[in-house]
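The values are calculated or read from the model by the stated rules, or taken from the named source; none is laboratory data. Here the structure is a predicted model, which means the values were calculated and not measured. Backbone-built Cβ (ideal geometry, glycine too); neighbour counts: all protein chains shown. Surface areas here come from the heavy atoms of the whole protein model, side chains and all, with no ligands, DNA or RNA. Shrake-Rupley method; radii C 1.70, N 1.55, O 1.52, S 1.80 Å.
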Amino acid sequence: MSYSKRLHRDDPVRTGPIRNFSGLYQSNYSDGHSSNSSSSASSKNGAPADGRERSQDEGIGLAYRVIEKHIRDGKKNAERFNDQPYNARPITDGFPELLERTIRYQNELLPLWLQALGSAVRIDSLRMPNTPGPFTRPESNNPASHGSKAISLEIASARPVQVSLDLREHSEALPLISLGLRAVDENKPPLNDISFAPATTRGAIRLRISVPDSHPPGTYSGVIVNRDSGETLGTLSISIAE
Amino acid sequence: MTAGTTASLVSTKLHEYGDMTRAALRRYLPEREPRRYLYDLLADYPQRGGKMMRPSLCIATARLFGAPIEQALPTAIAIELLHNALLIHDDIEDGSEKRRGRPTLHLLHGVPLALNAGDTLTLMALRPLIENRTVMGEGVALMIISETERMARECAEGQAMELGWRHYNATEIGDAEYLEMVLKKTCWLATIFPIRVGALIGSRGVADPESFLRFGFFLGAAFQIQDDLLNLIGDERYGKEKDGDLWEGKRTLMLIRALRESNSNEHERLCALLCRSREQRSLEDVIWMRWLIEKYDGATYARQFAQELAGAALHEFSLLSAGLPDSHDKLFLEQMATWVIARN
């Protein structure tokens, strides 16, 4: 029996399973947005040159580089689709701006332009949510906007509706009436149960809309006029869900 | 925080929001003829269950900003419909055999009918997105549709990258390319899109969706790497075909590492195997590919990568949510980062 040198293995690097998940989040990449870490130590395809060991900085740095490039590419693509500046600027006292605004207000009041301008205003509000528009535009389920415009909405409907109201400034004090709301489809009956009533406090008005249960779904639009003079003061549009 | 509490809150929320979405989704699946050839097929994948991670992320993010669930539900339904539609197409393109524990739709009904069902399901997702007009107003509804268009484009690009790699047998792929493919193919629909539209709903269009890209990417990439790992080492709870990625020649992080680290003989053999179609690949080939991945610690490497990404997701979420009040939804979104790498 030979007594050759006893076989000896190196001590293991670890002696138990790695279960410290919480330790994973105590990494040292507090400035996670820096995306140039360890590039010199990496191979051409983003992996470490030795392939075996990789510090956390390398993996995260690589991931940040990928997402930052994606964001840059996204911006470039967006510019390709839309390179028109929105020209959002503060309102000044200059005459050209005042003239431009006056013309725009007048145009928006013309019933003939209602549909087209309505779309334009909606697109503007989508792009620049904080830009004040010429008209109030309260939505049916946004109580905050109702209060600020001194108009309250009372809607009687079993189905979801969306109300879009464009009203000339300072019209609240005038006697308002709706001439009825019609759909583009002439087969659909008009929506007539609409009334304006003076509110009890501070001169605010109440807009009451009643949608019959059997009324066909769709969008109904019409003008709001001064009951005494017949002058058009705004538009009202209601979309009734199915 | 323990793994148990994480799993508990996440799975509670996934069940809660998932059940709501599933129940509301039924309204959009017609029960009329031709049922056998179309509408039964549409309902198949949604009825098989699933984690419901995508709609839950959307609802939770909307609620994080204070929106009621009802406002997020139509978009959550659209997300789930789109997800199931893409699964049908993915299964055909990948030649997959199992989905959520059962045979894939095209194996049950043939490719033409499955393809038609996938197309129809995609278009069905438009209905709840249109109905957002009445729930959210036209402005926000348009923003969500615009986000959907972006997501669809990113997904198609990512899917094209992966299919192209396999079709043309790309073997010089690095981790960066893999991450870019995952960002587009997986993250946009799985995490980025639900979170971005959830934020738009919750903030009524005021939140900048770009802020949510990083969190969504890190969360989604960690999710995908864990999914790839489960395909390799998962047990019977994993609903897809075991080793399916190897049979399909998918360029996972583990396979990319094996390509990178292997010696010249191994590299040559691996490239030759990857060049073959699924039908030409034998069980011995797949076993050898598994052995090669194990030889170069592919699973450990991928697991570590996923853990790092989960950590980055936590970091990004802490930056995003710093000014928002504490809530169950905030906790849920935070804990998703841990859940995606701990699930099995």
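Data for the structure
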| item | result |
| --- | --- |
| Stretchable slack from B:Trp291 to B:Leu123, in nm (0.36 nm times residue separation minus alpha-carbon distance) | 56.2 nm |
| Relative contact order (%) - criterion: Cα under 8 Å, at least six apart; region: chain B | 21 |
| Chain B: most fluctuating residue of B:Pro103, B:Pro46, B:Pro74 per GNM, C-alpha cutoff 10 Å | B:Pro103 |
| Among the listed pairs B:Lys98/B:Lys184; B:Lys185/B:Lys242; B:Lys13/B:Lys330; A:Lys69/B:Lys330; B:Lys51/B:Lys250, those beyond 18 Å (Cα-Cα) | B:Lys98/B:Lys184; B:Lys185/B:Lys242; A:Lys69/B:Lys330; B:Lys51/B:Lys250 |
| Net +/- balance of residues flanking B:Ala160 in space, Cβ distance below 15 Å, scoring K and R +1, D and E -1 | -2 |
| Accessible heavy-atom area order of B:His267, A:His70, highest first, probe of 1.4 Å | B:His267, A:His70 |
| Cα centroid separation - the stretch B:138-159 against the stretch B:9-51, whole Å | 22 |
| Contact order normalised by residue count of the stretch B:234-344, Cα under 8 Å, 6+ apart, percent | 32 |
| Stretch gain in nm, segment B:Glu149-B:Gln47, where the contour uses 0.36 nm per residue and the Cα spacing is subtracted | 34.1 nm |
| Trypsin sites (Lys or Arg not before Pro) restricted to the stretch A:204-242 and DSSP loop, no more than 13 other C-beta within 10 Å | A:Arg227 |
| Degrees, to the nearest 10: B:264-275 long Cα axis against longest axis of chain B | 60 |
| Within 10 Å of each Cβ in B:296-304, the average number of Cβ atoms from other chains | 2 |
| The stretch B:195-289: GluC sites (Glu not before Pro) in DSSP coil with no more than 10 other Cβ atoms inside 10 Å | B:Glu236, B:Glu279 |
| Inverse mean reciprocal Cα-Cα distance (Kirkwood Rh) of chain B, Å | 20.7 |
| Gaussian network model of chain B, springs between alpha carbon atoms under 10 Å - residue of B:Tyr168, B:Tyr17, B:Tyr45 with greatest fluctuation | B:Tyr168 |
| Added length on full extension, which subtracts the Cα-Cα distance from 0.36 nm per residue, B:Arg100 to B:Arg36 | 21.0 nm |
| Cα centroid separation - the stretch B:269-318 against the stretch B:52-110, whole Å | 25 |
